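Student: Starting off with a structure, shown below.
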């Protein structure tokens with residue numbers, strides 16, 4: 001079945017850039033999403049990219065998609081302490097409306 | 001605009017009891033989804049409603065789980081009888097249409113003792 005993998009932890013200094021990586025196995029994935037979960041809260045949709053795009057930028061967030069390598073990344077510029085959270089990568093295949101999630105990457109930002 | 005709301009936020013019950021979770025989608029969203037995250041593992045899809053019809057229930061773990069969406073508005077997810085392995089966080093999401101972004105609620109944390 002489909003599989004989505006992420007590293008579990010990332011620690012960065014405030015002001016630096018963060019890069020969270022995700023790999024997936026389903027080559028028919030159409031939409032790829034990044035969700036953020038703060039402690040005690042639900043999943044907040046951060047951004048998403050369609051499979052025919054290579055890059056999408058939204059303020060401090062940049063999403064890069066390498067379809068050949070099935071690799072998705074989320075770059076957060078000028079990382080702030082408020083960015084500390086768990087970040088989930090999720091993909092959707094063309095023939096289904098369900099999302100397949102990665103395990104989530106816990107981002108810790110230190111001063 | 002109100003987001004997806006779930007009730008209760010936390011439920012603690014004993015093994016063998018029954019629990020019903022509720023989800024109110026964003027107004028106007030015909031698509032409603034249930035997911036769950038157990039034991040710190042991945043968030044897994046349970047099922048998908050389009051209005052009141054079950055579009056995809058391939059993720060439902062067994063017949064102890066029953067989801068309904070009468071009238072095509074809010075949805076309930078009943079677990080009867082609850083087992084220890086059902087503990088986890090149950091998320092609901094809704095979307096305006098197929099291939100539209102899914103917006104999630106805060107989840108219901110279910111603890112089975």
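Student: Please go through the stretch A:34-52 and give me each residue that is under 11 Å from the mean Cα position of the chain (by Cα) and over 14 Å from residue A:94 (Cα atoms), ordered by number.
Tutor: Answer for the stretch A:34-52, where residues must be under 11 Å from the mean Cα position of the chain (by Cα) and over 14 Å from residue A:94 (Cα atoms): A:34, A:35, A:36, A:45, A:46, A:47, A:48.
Student: Identify the single condition in (1) over 17 Å from residue A:104 (Cβ atoms); (2) in a strand (DSSP E or B); (3) more than 14 Å from chain B (Cβ to nearest Cβ) that residue A:56 does not satisfy, given that it satisfies every other one.
Tutor: (3)
Student: Name the single residue that is farthest from residue A:102 (Cα to Cα) among those in the stretch A:1-53 being assigned to a loop (DSSP other than H, G, I, E, B) and in contact with a helix residue (DSSP H, G or I) (Cβ under 9 Å, 6 or more places away or on another chain).
Tutor: A:14
Student: When you check residue A:8 against the structure, is it loosely packed, with under 14 Cβ neighbours inside 10 Å, within 13 Å of another protein chain (Cβ to nearest Cβ), within 25 Å of residue B:37 (Cβ to Cβ) and touching a residue at least 24 places away in the same chain (Cβ under 8 Å), yes or no?
Tutor: Answer is yes for this residue.
Student: Here is a follow-up. Kindly provide the set of residues from the stretch B:74-113 that are within 14 Å of chain A (Cβ to nearest Cβ), closer than 18 Å to residue B:18 by Cβ and surrounded by 22 or more Cβ atoms within 10 Å (Cβ to Cβ), ordered by number.
Tutor: If the condition is that a residue be within 14 Å of chain A (Cβ to nearest Cβ), closer than 18 Å to residue B:18 by Cβ and surrounded by 22 or more Cβ atoms within 10 Å (Cβ to Cβ), then B:90, B:108 are the ones that fit.
Student: Looking at residue A:48, is it closer than 13 Å to residue B:101 by Cβ and either surrounded by 15 or more Cβ atoms within 10 Å (Cβ to Cβ) or free of Cβ contacts under 8 Å to residues at least 24 places away in the same chain (or both)?
Tutor: Taking the combined requirement at face value, the residue satisfies it.
Yes/no matrix, rows are residues, columns are (1) part of a strand (DSSP E or B); (2) touching a residue at least 12 places away in the same chain (Cβ under 8 Å):
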| residue | (1), (2) |
| --- | --- |
| B:45 | yes, yes |
| B:49 | yes, yes |
| B:54 | yes, yes |
| B:60 | no, yes |
| B:63 | no, no |
| B:67 | yes, yes |
| B:71 | no, yes |
| B:78 | yes, yes |
| B:82 | no, yes |
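Student: Residues that are within 14 Å of chain B (Cβ to nearest Cβ): list the strands (runs of 3 or more DSSP E) wholly contained in the stretch A:65-111 that include at least 3 such residues.
Tutor: So the answer is A:85-93, A:99-101.
To keep it simple, each residue is scored yes or no on (1) free of Cβ contacts under 8 Å to residues at least 24 places away in the same chain; (2) surrounded by fewer than 19 Cβ atoms within 10 Å (Cβ to Cβ).
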| residue | (1), (2) |
| --- | --- |
| A:30 | no, yes |
| A:35 | no, no |
| A:38 | no, yes |
| A:55 | yes, yes |
| A:60 | yes, yes |
| A:72 | no, no |
| A:75 | no, yes |
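Student: Give the stretch B:34-72 a look and list any residue that's surrounded by 14 or more Cβ atoms within 10 Å (Cβ to Cβ) and either away from every other protein chain (no Cβ under 13 Å) or on the phi > 0 side of the Ramachandran plot (or both), or say none.
Tutor: Correct list: B:52, B:61, B:64, B:65, B:67, B:68, B:69, B:72.
Quick note: the coordinates plus some simple rules give every number you see, no bench work behind them. All values derive from a computational prediction rather than experimental measurement. So basically every Cβ, Gly included, is an ideal-geometry build from the backbone, and we count neighbours across all protein chains shown.
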